[in-house]
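Trainee: The structure under discussion is supplied below as structure tokens; questions concerning it will follow.
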Amino acid sequence: MLGQLRMLAEDDPAFIQEMLAAFAEQMQAGLPELGALVAARQAEAARRMAHALKGAALNMGARTLALHFRNIEEQAPAPADWQTLEPRIGHDCEETIRQLNAYFGLH
């Protein structure tokens, strides 16, 4: 997947940086929103948000994140282990962004 992203970007560092920034922004905005939806037990909205975040993760080749979001999507409105899962997803998001930046030679 990362090789495909590199080919699509044609090794254009500005484009790659823009893609990574958009991904990071979507995760940083989406995770708190997902948490609020889960806490409010708004099943359908939580399912939609988890689905959107899963798609964004898959687009960036972040399969571990996508798996987290798929599990949340399937367990909405409230995954049984949300209190444990939320910080792990946050950590995995940060780690994914760090790895993507390293892979593409940014930062």
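Trainee: Please go through (1) within 30 Å of Met7 (Cα to Cα); (2) surrounded by 15 or more Cβ atoms within 10 Å (Cβ to Cβ) for Gly55 and return the number of the only condition it doesn't satisfy.
Mentor: Here Gly55 meets the rest and fails (2).
Trainee: Please list, ordered by first then second residue, the pairs with beta carbon atoms under 8 Å, 6 or more apart or interchain, first in the stretch 6-30 and more than 18 Å from His91 (Cα to Cα) and of a type in the set (Lys, Arg), second part of a helix (DSSP H, G or I) and modelled with pLDDT under 90.
Mentor: Pairs found: Arg6/Ile16.
Trainee: Continuing with the same structure: I'd like the full set of residues that are touching a Leu at 6+ places or on another chain (Cβ under 9 Å) and without any contact (Cβ under 8 Å) to a residue 60 or more places away in the chain, limited to the stretch 53-68.
Mentor: Leu53, Lys54, Ala56, Ala57, Leu58, Asn59, Met60, Ala62, Leu65, Ala66, His68
Trainee: In addition: So in the stretch 76-97, with the set limited to residues that are more than 13 Å from Leu34 (Cα to Cα) and at pLDDT 85 or above, which one is surrounded by the fewest Cβ atoms within 10 Å (Cβ to Cβ)?
Mentor: Step by step, filter the stretch 76-97, then rank; the result is His91.
The values are calculated or read from the model by the stated rules, or taken from the named source; none is laboratory data. Predicted model, so just to flag it, every value in this text is computed and none were measured. When we count neighbours, we look across all protein chains shown, and the Cβ atoms used for this are built from the backbone with ideal geometry, even at glycine.
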